[in-house]
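**Student:** Can you read through this structure? Questions will come right after.
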Amino acid sequence: MTAFRQLPLSRLGHLVPPLVDDAALVALMPVTDDLQWAAKAAWDIARIAARDGRRVALVDLCLEHPALHEITGLASTEGIVDAFEYGVSLNKAAHEVTGVFIIPAGSDTANPAEVYGHARWRKLHAGFRSEGALLLAFLPASGLAQLAADPDGVIVLAPEGVTAEFAIGRDVPLLGVVRDRWLPSTGGGRISPPMTVPVVAEPRRGARVVLAALLVAALAVGGWALLARARESALVAPPPPAPHTPAPAPSSRLPAPPKPDTLGWTIQLAAYASLDKALAHADRLAADAGVPALVTPVTQSGNRGTVWYRVLAGSYATRAAAGDARAQLWRRGIAAEGIGDLLLAPYSYHAPAGATLDMLRRRGLPAVRWSSGVILVGAFAAPEQAAFTQAALKRTGVRANLLPRMGGGPP
């Protein structure tokens with residue numbers, strides 16, 4: 001046991017920096033069933049490594065049980081699987097959180113071995129080294145064994161430590177073992193949560209520019225192609241950020257949280273500055289492709305008064321189901337490969353009885369007839385995001401209820 005460098009959580013701030021200073025790719029390997037604990041430890045390591053201004057990216061390669069997006073406060077979004085399997089830009093998959101660029105796992109994959117063994121890992125490793133940056137890969141032992149690149153070192157994440165017989169199963173340096181405390185806990189009870197490591201979370205001007213420069217440089221070394229699509233029909237507005245404000249107090253005007261069987265996941269295919277174009281696109285999807293679609297108005301915070309109309313295809317119970325549906329759209333040629341963001345937007349306005357599609361559209365409302373026969377207006381991540389549409393409904397005298405979508409999605 002004494003052969004392994006011990007890295008107790010309370011001392012990470014002092015012990016980790018010298019271990020990763022000269023590294024470009026370090027594997028963070030959990031040896032525990034408590035992936036939440038391991039993800040928190042990985043997150044602490046990443047923030048410590050970035051504390052003095054070094055550019056650090058942390059990628060979640062625990063593909064079967066991803067946890068980093070929850071620990072870092074990100075909504076489920078596209079990630080490394082989408083970048084490798086579906087051609088999504090890595091710039092788009094990365095999210096800057098308190099000075100660290102988080103790349104979540106993203107969509108479910110049936111071939112994790114292909115993600116681990118992809119040749120792009122060696123190229124990405126070279127790109128980060130050329131930039132003096134650090135790529136941290138949070139991955140299980142099976143992922144480390146199959147990873148195409150040779151890490152500069154491995155840090156094991158084990159709350160109770162490891163035995164003297166432990167081996168990482170690969171000829172790469174073992175930098176140390178992160179554990180919950182210096183000595184094992186005496187009881188068999190629950191592991192105490194990790195101590196908070198002080199990390200400077202001061203916002204840095206130009207962080208997003210730095211991210212772009214880092215990833216473009218890394219991908220350039222790796223020979224990756226970044227495709228820009230300027231056509232309005234393929235212009236995709238960014239997905240709504242995860243709400244950071246406290247949940248509103250219960251009110252009779254707000255719906256209850258969506259139930260597990262809510263068909264809340266959808267695919268954003270395009271965004272238009274014109275409501276008519278967005279509705280025409282949605283109507284084509286329903287009529288020609290048999291895919292019911294919704295249209296959601298979204299105001300742009302940086303440009304007061306500007307509204308984009310998102311076209312959202314289908315409604316699915318899980319993110320994985322939405323990802324499979326998106327792949328079918330690509331295969332059928334309904335959407336260009338690489339186009340389509342997976343969004344969790346379970347709320348829609350249900351039009352009142354007696355309202356007609358033509359009447360609602362004449363009043364400037366993005367109404368569509370759903371496959372169940374009801375008329376829906378928009379799809380929203382949370383009631384707060386529906387404020388613009390709510391105001392439009394009130395202005396036009398339409399009394400619609402904001403409810404989770406339950407059934408009536410595509411087959």
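**Student:** How would you classify region 259-366 from its alpha-carbon gyration tensor, with a ≥ b ≥ c the square roots of the eigenvalues: rounded for a/c under 1.5, else prolate if a/b is greater than b/c, otherwise oblate?
**Tutor:** Note, shape of region 259-366 comes out rounded.
**Student:** Kirkwood hydrodynamic radius (Cα pairs, Å) of region 313-375?
**Tutor:** 13.8 Å
**Student:** Once ligands and nucleic acids are excluded and a 1.4 Å probe is used, how much of LEU279 is accessible, expressed in Å² to the nearest 10?
**Tutor:** Accessible area, nearest 10 Å²: 10 Å².
**Student:** Just report the Cα centroid separation between region 32-55 and region 105-139, whole Å.
**Tutor:** 17 Å
**Student:** Would you mind estimating how fast region 1-93 diffuses translationally, via Stokes-Einstein at 25 °C and 0.890 mPa s with the Kirkwood radius over Cα pairs, in µm²/s?
**Tutor:** Details: Rh = 14.8 Å.
Taking Rh from Cα pairs, D becomes 166 µm²/s.
**Student:** Then there's this: What figure, in Å² to the nearest 10, do you get for the accessible area of TYR347 with a 1.4 Å probe and non-protein molecules left out?
**Tutor:** 20 Å²
**Student:** If you filter region 344-396 for trypsin sites (Lys or Arg not before Pro), then keep DSSP loop positions with at most 16 other Cβ within 10 Å, what is left?
**Tutor:** Values: sites: ARG361, ARG362, ARG363, ARG369, LYS394, ARG395; in loops: ARG363.
Answer by residue number: ARG363.
**Student:** Using bins 5 angstrom wide from zero, how does P(r) for region 26-176 break down, in % of all Cα pairs?
**Tutor:** Histogram of Cα-Cα distances, whole percents per bin: 2, 10, 20, 25, 23, 14, 5, 1, 0.
**Student:** Please report, in cubic angstrom per residue, the volume enclosed by the convex hull of the alpha-carbon atoms of region 286-347.
**Tutor:** 111 Å³
**Student:** Where both partners of a DSSP beta bridge lie in region 40-139, what percent of those bridges are antiparallel, to the nearest 5?
**Tutor:** Approximately 25 percent, going by the DSSP bridge assignments.
**Student:** Between region 311-331 and region 350-408, what is the C-alpha centre distance in whole Å?
**Tutor:** Spelled out, the Cα-based centre of one part sits 22 Å from the other.
The values are calculated or read from the model by the stated rules, or taken from the named source; none is laboratory data. What you see is a predicted model; the values in this text were computed from it and never measured. Positions of Cβ are backbone-derived with ideal geometry, glycine not excepted, and every protein chain shown enters the neighbour counts. Heavy atoms of the whole protein, side chains included, go into the accessibility calculation; ligands, DNA and RNA do not. Shrake-Rupley method; radii C 1.70, N 1.55, O 1.52, S 1.80 Å.
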